[in-house]
Amino acid sequence: MTDFKAAMAGNYTVADRPNDVRIRYIIIHATELSYHDTIARFQTPNQVSAHVVIRQRDGYRTAMVAPQNVAWHAGNWDMNCRSLGIEQEAYVEQPASFTQPMLYTLAAQILEWSTQYHIPLDRAHLLGHDNVAAPTQAAEPAMHRDPGWYFDWEALFRQLGVVSKPKLPVNIGHAVEITRPYADLFQRPTFQSGLIGKQSEPLSHRVSYGQAFVCAAKDGDWIAINFSGQLGWLKEDQVTGVQRPSLKVAHQIGLYGSTQPGAPAIDILQPGEQYVISDELAGLQTSDVSGELTVQKTGDLFWQIWYGHRIGYVKK
């Protein structure tokens, strides 16, 4: 079942997508609020909205922003302009809140939009809110962590009917894809070496299902990948080899969380680091003028990569 309860004007931007901006992504959220409280939040002046909200107990779907319009859900304006947002009535720390009825509706909504807007059914284009890049370094602490580690990406792709790709050998310099719900990354090829990043912040040392990286080194049954500018080690049985184009960094280059002109680099890639290229896209100059979207394409081209747990963009 589906109904429509319009989000408050002023919580989204009127647009004409995909005529003005191609829709490239679907972003999956967990509300951290009840179904009714989420709808109320989007219908009051909070400067936030999503295209669809799904109820936990039965998968009931409420549309709140028409897909052609830009909902304010990602915490990144550039990503808002390119994406559709789905809120699940779920809680990051409560595994049972991610129900089967909600998963069925989520998959049905994704399939509908994927067909309508030609959105690929892969982890480079079906993102969690926790995969969205910060638009600036200063914005990083405010970026969200949902839907979190209890959301079952593998079950979603099964429900979408995505057939597993043939498994390829894992070789240095070639792409690998994560096959486990998540895997922790270690400083060296041993569990005794300690995790990379901050132990209190899983996003700094953890990869999740479907993310793709380049195998940078091997040691016995361990492999290493570049992750947020560090070398992180995980067991080889947590990945499979896949065919993907990759970038080997030849000199220092900027990593961006936005394709808008003048966007600052959020990090610097170092020579020798390697990353899987998951998409290529043109830069955009967009703005909200009196509640309506204005768009101008730029001459910039970007490669999309996985940089740590979040995506990022490198100028081509």
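The values are calculated or read from the model by the stated rules, or taken from the named source; none is laboratory data. Here the structure is a predicted model, which is why all the values come from computation and not from measurement. As a convention, Cβ positions derive from the backbone with ideal geometry for all residues, glycine included, and neighbour counts pool all protein chains shown. For the accessible areas, the whole protein counts, side chains as well, though only heavy atoms, and no ligand, DNA or RNA atoms are used. Shrake-Rupley method; radii C 1.70, N 1.55, O 1.52, S 1.80 Å.
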Could you name the lysines in cross-link range of Lys218, using Cα to Cα under 26 Å and dropping any fewer than eight places away on the same chain? Lys165, Lys167, Lys198, Lys235, Lys248
Can you list which of the trypsin sites (Lys or Arg not before Pro) found in the range 7-95 are DSSP loop residues with at most 11 other C-beta atoms within 10 Å? Arg57
Interchain or sequence-distant (5+) residues whose placed amide H lies within less than 5 Å of the amide H of Asp146 are Asp130
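Add +1 for every Lys or Arg and -1 for every Asp or Glu among the other residues with Cβ under 13 Å from the Cβ of Ala71, and state the total. Don't jump to the answer; show the numbers that get you there.
Numbers: positive: Arg17, Arg41, Arg82; negative: Glu87, Asp288.
The answer is +1.
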Quick note, the range 86-136: a/c under 1.5 would make it rounded; otherwise a/b > b/c is prolate and the rest oblate (a ≥ b ≥ c, C-alpha gyration tensor); here it is oblate
So for the pair Leu160, Gln296, with labels modelled 7 Å out along Cα→Cβ, what separation do we get in nm? 3.5
Most mobile of Ala30, Ala139, Ala50 in a GNM of the chain (Cα contacts under 10 Å): Ala139
Percent carbon-and-sulfur accessible area, the chain, ignoring ligands, DNA and RNA, probe 1.4 Å: 50
Summing -39500 (n - 2.57) over the DSSP H runs of n ≥ 4 in the chain and dividing by its residue number, what mean residue ellipticity at 222 nm do you reach, to the nearest 500 deg cm²/dmol? -3500 deg cm²/dmol
With the cut-off at 1.5 for a/c, could you classify the range 31-126 from its C-alpha gyration tensor as rounded, prolate or oblate? oblate
Residues meeting the amide H criterion for Tyr307 (H placed from the backbone, H to H distance under 5 Å, 5 or more places apart or on another chain) are Gly312
Net charge dipole size for the range 51-135 [Lys, Arg +1 and Asp, Glu -1 on Cβ; Debye, nearest 20]: 140
Given +1 on the Cβ of Lys and Arg, -1 on the Cβ of Asp and Glu, and no further charges, what dipole in debye does the chain carry about its Cα centre, rounded to the nearest 20? 500
Mean-square fluctuation check for the chain, GNM, Cα pairs under 10 Å: which of Glu32, Glu201, Glu280 is largest? Glu201
With charges set only on the Cβ (+1 for Lys and Arg, -1 for Asp and Glu), what does the dipole of the range 144-205 come to about its Cα centre, in debye to the nearest 20? 180
List the residues whose amide H sits under 5 Å from the amide H of Leu255, counting only those 5 or more places along or on another chain, with H placed 1.01 Å from N in the peptide plane. Ile266, Asp267, Ile268, Leu269
The range 116-214: trypsin sites (Lys or Arg not before Pro) in DSSP coil with no more than 14 other Cβ atoms inside 10 Å: Lys167, Lys198
Kindly point out which whole DSSP H helices in the chain project their C-alpha atoms 27 angstrom or further along the helix axis while averaging a Kyte-Doolittle hydropathy of 1.0 or above. none
May I have the pair-distance distribution P(r) for the range 1-160, computed from all Cα-Cα distances with 10 Å bins from 0 and rounded to whole percent? 11, 44, 39, 6, 0
